[in-house]
Amino acid sequence: LNNSHPINKPRVSYHFNGNVSRYHYGVKHPMKPFRLMLTDHLVSSYGLHKIMDLYETRKATKEELTDFHSKDYIDFLEKVTPENTNKFPRGTLDTFNIGDDCPIFQGLYDYSAYYAGASLDASRKLINGQSDIAINWSGGLHHAKKSQPSGFCYVNDIVLAALNLLRFHPRLLYIDIDLHHGDGVQEAFYTTDRVFTVSFHKYNKELFFPGTGDVDEDGIDRGKHYALNVPLQDGIDDDSYINLFKSIIEPLITSYRPTCIILQCGADSLGHDRLGAFNINIKAHGECARFVKSFGLPMLVVGGGGYTPKNVSRLWTYETGIMNDVLLNNELPHGIPFRENFGPDYSLNPVLDDLYENKNPKKYLEDIRIRCLENIRYLQG
Ligand code: ZLV
Ligand code: CA
Ligand code: ZN
């Protein structure tokens, strides 16, 4: 038996279509789909594509998109273009929250249909048992609402994939480690006990988008106690984050007993992110993903935010390794496309925790942990 090829390696599928990385939100916009191309190159440079099942994804159909979204909204997304935007009455653009965060750009509908199609394909591989873990780094756009885009997200691929998984899975756990609150997913499942949503995020009601996700938001009706929020402040470090994460996720999985997990791996929670101010290193972010994987449940792994493209691609490559039980060499492979993006260190794990003061006192984190554990205790009724 060759120990370097463990026989228990999970079957991992990787869902990607190079077309998604070609769209542009606009020159000043922080969301750069190009980061997905960078990630894909790095993943294959490390040889990870050889040990996964690769799927070139298709666009989600209109019928699939309207499983969650309203027909009016999807019709609008399909029709609107940069050229005809001004022909729509102002009211229509306001109704559909079109503006600087969610601009109308060329190919917007196709872009949305591609990243949603990838999460739907991924969910299907989990349902039919062909994959233990299915990865879609182009997905994770957690803010989109039923009839509106929000925070760079036009369609909510997570909600769509979850609705598909719910046809076969009694209980889903959604874990969101993006810097921002996973409000769109929380809202979609706020009244059900069949999807437990938990988000770790920077929280400030007035000053930080989207302004929701305080500890007291915990679901309503049948969904009461089936949503959990972990509001954090700038500068949280590796140890505080990992400890808090594990001490919440472990009892949560044990009590809720999900049959499938969706993990949103937003990379804006890393240090040095253009929009973020946490002090998390790639290894710590990855340790959280590894911890979730260690429970051995079917997993849908999606991307999300991440606004320093070189670090986004480093993180998601590292985490693709983790999902395959492979520890990657810290030195980036030679001769990779766009290697110049990764200087001067040319490493997979540069130091990212050297910028911000930790504004999360021990007492604050301990209080949050206790409140979360109290919430989780309601599950064993
Ligand atoms: O990472 O935006 O703060 C998943 C995700 O979670 C806002 N939006 C809203 C509220 C008032 N506005 C500001 C409007 C700004 C419009 C353009 C930017 C442009 C340049 C640089 C930064 C931003 C920006 N926008 C930073 N934060 C925002 C947030 C939305 C954050 C979405 C996070 C998405 C993919
Ligand atoms: Ca989050
Ligand atoms: Zn984010």
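The values are calculated or read from the model by the stated rules, or taken from the named source; none is laboratory data. This one's a predicted model, so the numbers in the text were calculated from it and none came from an experiment. Note that each Cβ is placed from the backbone with ideal geometry, even for glycine, and that neighbours are counted across all protein chains shown. To get the accessible areas, we keep the full protein, side chains included, count just its heavy atoms, and leave off ligands, DNA and RNA. Shrake-Rupley method; radii C 1.70, N 1.55, O 1.52, S 1.80 Å.
Could you give the Stokes-Einstein D for the stretch 8-96 in µm² per second, using the C-alpha Kirkwood radius, 4 °C, 1.567 mPa s?
In µm²/s, the coefficient is 79.
Which links in LYS87/LYS205; LYS205/LYS246; LYS9/LYS32; LYS283/LYS363; LYS50/LYS246; LYS224/LYS293 stretch past 28 Å when you go from one Cα to the other?
Exceeds cut-off: LYS87/LYS205; LYS9/LYS32; LYS50/LYS246.
Given N residues in the stretch 80-236, what is Rg(Cα) / (2.2 N^0.38 Å)?
For the stretch 80-236, the normalised Cα radius of gyration comes out at 1.11.
In a GNM of the chain with a 10 Å cut-off on Cα contacts, which of ALA161, ALA144, ALA188 has the highest mean-square fluctuation?
ALA188
Could you tally the net charge around GLY276, taking each other residue with its Cβ under 10 Å from the Cβ of GLY276, Lys/Arg +1 and Asp/Glu -1?
-2
Would you pull out the residues with amide H under 5 Å of ASP53's amide H, same chain only if 5 or more places away, H placed 1.01 Å from N?
Sorted by chain and number, the residues that satisfy this are VAL12, SER13, TYR14.
Any idea of the accessible area per residue across the chain, 1.4 Å probe, to the nearest Å²?
For the chain, the solvent-accessible area averages 41 Å² per residue.
Using 5 Å bins from zero, what percent of all Cα-Cα pairs in the stretch 27-155 falls into each bin?
2, 9, 18, 21, 18, 13, 9, 6, 3, 1, 0
Got a sec to turn the phi values of the stretch 275-288 into Karplus ³J(HN,Hα) couplings, 6.51 cos²θ - 1.76 cosθ + 1.60 with θ = phi - 60°, whole Hz, x for Gly and Pro?
9, x, 8, 7, 10, 8, 8, 4, 4, 6, 4, x, 4, 5
Go from 0 up to the bin containing the longest alpha carbon distance in the stretch 107-148, width 5 Å each, and give me the % of pairs per bin.
5, 22, 24, 24, 14, 8, 3
Binning every alpha carbon pair distance of the chain at 10 Å from zero, what are the percents per bin?
For the chain, the binned pair fractions read 5, 25, 35, 26, 8, 1, 0 percent.
Of the residues TYR55, TYR256, TYR14, which exhibits the maximal mean-square fluctuation in a Gaussian network model of the chain defined by a 10 Å Cα contact cut-off?
Result: TYR55 has the largest fluctuation of those listed.
Once you have the alpha carbon radius of gyration of the stretch 274-380, what is it after dividing by 2.2 N^0.38 Å, with N set to its residue count?
1.30
As an exercise, take the mean of 1/r over every pair of distinct alpha carbons in the stretch 132-205, invert it, and state the Kirkwood radius in angstroms.
That comes to 12.8 Å for the stretch 132-205.
Using a probe of 1.4 angstrom, how much of the accessible area of the chain is carbon and sulfur, in percent?
Heavy-atom surface of the chain belonging to carbon and sulfur, 1.4 Å probe: 51 percent.
Cut-off under 18 Å on the C-alpha distance; same-chain residues fewer than 8 positions from LYS79 excluded. Which aspartates and glutamates are left, in chain and number order?
Straight-distance partners of LYS79: GLU63, GLU64, ASP94, ASP110.
If amide H atoms are built 1.01 Å from N in the plane of the peptide, which residues on other chains or at least 5 residues away come under 5 Å of the amide H of SER150?
Here the answer is ALA144, LYS145, since their amide H atoms fall under 5 Å of that of SER150.
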